[in-house]
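The values are calculated or read from the model by the stated rules, or taken from the named source; none is laboratory data. Remember, predicted model here, so these are calculated numbers, not experimental data. With ideal geometry, Cβ positions are generated from the backbone for all residues, glycine too; neighbour counts draw on all protein chains shown. Heavy atoms of the whole protein, side chains included, go into the accessibility calculation; ligands, DNA and RNA do not. Shrake-Rupley method; radii C 1.70, N 1.55, O 1.52, S 1.80 Å.
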Amino acid sequence: QVQLVESGGGLVQAGGSLRLSCAASGASCMIITTSYWYRPPPGKERELVAIFRKDGNRTNVDVDSVKGRFSIPTDNAKNTGYLQMNNLKPEDTAVYYCAANVWTPATGSRGYWGQGTQVTVST
């Protein structure tokens with residue numbers, strides 16, 4: 001059973017940086033074809049923050065408020081995705097979730113979710 005485990009969240013002052021990680025495990029042979037980062041801002045619906053597509057190493061940041069501050073490094077360790085967050089603001093405070101489409105020989109391509117990691121930005 002493939003699992004996604006997130007880490008890297010925490011408490012940081014405004015202007016600081018964090019790098020979130022999303023590590024896939026549970027299969028000896030797997031390929032992460034697409035990974036996603038979501039957050040539910042307080043009082044709002046879940047929003048897609050960023051996408052990484054392995055095909056062509058394409059990344060896209062979807063939320064206007066984080067463009068230029070958030071990015072997905074493409075020099076990722078095998079089966080691990082990252083979200084680099086710079087110049088953090090208090091309004092970035094949220095639980096961040098990773099999701100991924102993972103291909104294995106046994107299951108083909110399936111979607112999985114991580115458990116979430118809390119990011120808190122203080123003023």
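Relative contact order of the chain, please, whole-number percent, based on alpha carbon pairs below 8 angstrom and at least 6 residues apart.
That works out to 36 percent.
Give me the percent of accessible area attributable to carbon and sulfur for the chain, probe 1.4 angstrom.
Details: 2990 of 6430 Å².
Looking at the chain in its full context, I get 47 percent from C and S.
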Self-check item: Rounded to the nearest 20 debye, dipole of region 26-123 from Cβ charges on Lys, Arg, Asp, Glu
Solution: 160
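Using unit Cβ charges (K, R positive; D, E negative) and no other charged atoms, how large, in debye to the nearest 20, is the dipole of region 37-85 about its Cα centre?
On the way: 9 positive and 6 negative charges, 18 e Å.
Computed charge dipole of region 37-85: roughly 80 debye.
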Exercise. Find which of I31, S17, S71 sits farthest along the positive direction of the dipole of the chain, computed with +1 on the beta-carbon of Lys and Arg, -1 on that of Asp and Glu, about the Cα centre.
Key: I31
Exercise. Assuming R0 = 41 Å, can you tell me the calculated FRET efficiency for the pair N57 and T123, based on Cβ-Cβ distance, to the nearest 0.05?
Key: 0.70
Practice problem: Using the Kirkwood radius over Cα pairs, work out the Stokes-Einstein diffusion coefficient for region 19-123 at 4 °C and 1.567 mPa s, in µm²/s as a whole number. | Solution: 91
Self-check item: Computed Rg/Rh of region 35-80, alpha carbon atoms with Kirkwood Rh
Solution: 1.01
Quiz item: What is the log10 of I(q)/I(0) for region 1-49, computed with the Debye formula using one identical point scatterer on each Cα and no solvent, at q = 0.16, 0.27, 0.28 Å⁻¹?
Solution: -0.65, -1.15, -1.17
